[in-house]
Amino acid sequence: MGEETGIVDKCKYLVPYTIRYDFNYSKTVFVTTINDPVVTLNWEHNSYAWVSLEESTRYDLVPGTKATIKVLCGRGLMI
């Protein structure tokens, strides 16, 4: 996250969430809150957007990202 966005120093804490999918696959994501949402992208990216949950469904996301968002929101997290 910090490498790609430059916001790692702005995070007060990271909360890990492990999500288990079918076929013995799982992934751990880290959720945080930030007070200063200014993003500095590295060379790998040319744009970003802060979007609502509803708006996120309109984007072509990395495989598995939509399922991850759905699981996290099901746990009561505001993303």
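Table for the structure above
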{"quantity": "Efficiency of FRET from Cβ geometry, V15 and A67, R₀ 25 Å, rounded to 0.05", "calculated": "0.85"}
{"quantity": "Convex hull per residue volume in Å³, alpha carbons only, for the range 2-74", "calculated": "122 Å³"}
{"quantity": "In Hz, Karplus ³J(HN,Hα) per residue of the range 18-24 (6.51, -1.76, 1.60; θ = phi - 60°; x = Gly, Pro)", "calculated": "9, 10, 9, 10, 5, 6, 6"}
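Every read-out reported here was derived from the displayed coordinates using simple, explicitly stated rules and does not represent laboratory data. Here the structure is a predicted model, which is why all the values come from computation and not from measurement. Methodologically, a virtual Cβ is constructed for each residue, glycine included, from the backbone with ideal geometry; neighbour enumeration extends over all protein chains shown.
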